[in-house]
1. Distance in nm between label sites at Ala97 and Asp145, each 7 Å beyond Cα in the beta-carbon direction?
2. At 0.36 nm per residue, and after removing the present C-alpha to C-alpha distance, how many nm does the segment from Asp24 to Met56 gain when stretched out fully?
3. Measuring from a point 7 Å past the Cα of Gln47 along Cα-to-C-beta, which residues in the range 68-102 have an amide N at less than 17 Å?
4. If you rank Thr51, Thr63 by fewest surrounding Cβ atoms within 10 Å, what's the result?
5. For the range 1-91, just list the percent of Cα-Cα distances falling in each 10 Å bin from zero outward, please.
6. Please work out the Cα convex hull volume for the range 1-41 and give it in Å³ per residue.
7. Once the piece of chain linking Glu13 and Lys157 is laid out straight, how much longer is it, given 0.36 nm per residue of separation minus the C-alpha distance between them?
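Every number in this text was worked out from the coordinates using simple rules, so none of it is lab data. As the structure is a computational prediction, the values presented were derived from the model and not from experiment. All Cβ positions, glycine included, derive from the backbone under ideal geometry; neighbour counts span all protein chains shown.
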Amino acid sequence: MDVTREGVFKWLERSAQALRENRDYLTQLDAAIGDGDHGANMDRGFQAVLTRLKEMADQDLGTVFKAVGMALVSSVGGAAGPLYGTFFMQLGIASGAKAALTPEEWVDAFEAGVKGVIKRGKAGPGDKTMIDALRSAVAEGKPLDEALRLAAAAAEKGMKDTIPMVARKGRASYLGERSAGHQDPGATSSYLLLRAAAETLVGS
């Protein structure tokens, strides 16, 4: 089972839906340790993505992902725009001019996106950022549908694991020890994207 262009479009559309449905929840999480705008920013960004997708029905995956990345960079405020934008642009570079990716190619492309986020944000596991959800999600050696479910489960665990952490990056780091006990909003939005991937990328 490959990751097809149709599956990718469904993934992005489901992601936009999930972010809109969870806009207020993400805002509440961010209000506790940040600016309180993550929900609005992510919702706005993925609405911009939906607008771009209308122009991309016949484009290869590399072009689609890079367009998604540019839409996010230009429409999402705060740190999330550059980070998510980098993820999708690196995903696009790794995908190349293909209309579908094999499971192995998808894992490689996804990992390239995660590495791009790590380099851009200068963060790693344990820094209480979305890396804790994203980096744990690269599943190998499994059928793609199972790998995607495992990735979503890993992302959910990574998200919950941010609760006791003390933030070392981003605005939450200013709170020091007071950042502990709060779920990271970026890890939460990452989980929503990976859950949407598990629901849509295979069988499309």
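1. 3.3
2. 8.5 nm
3. 71-78, 81
4. In increasing order of surrounding Cβ atoms, one gets Thr51, Thr63.
5. 18, 48, 26, 7, 0
6. Once divided by residue count, the hull of the range 1-41 is 79 Å³.
7. The Glu13-Lys157 span can extend by a further 49.5 nm.
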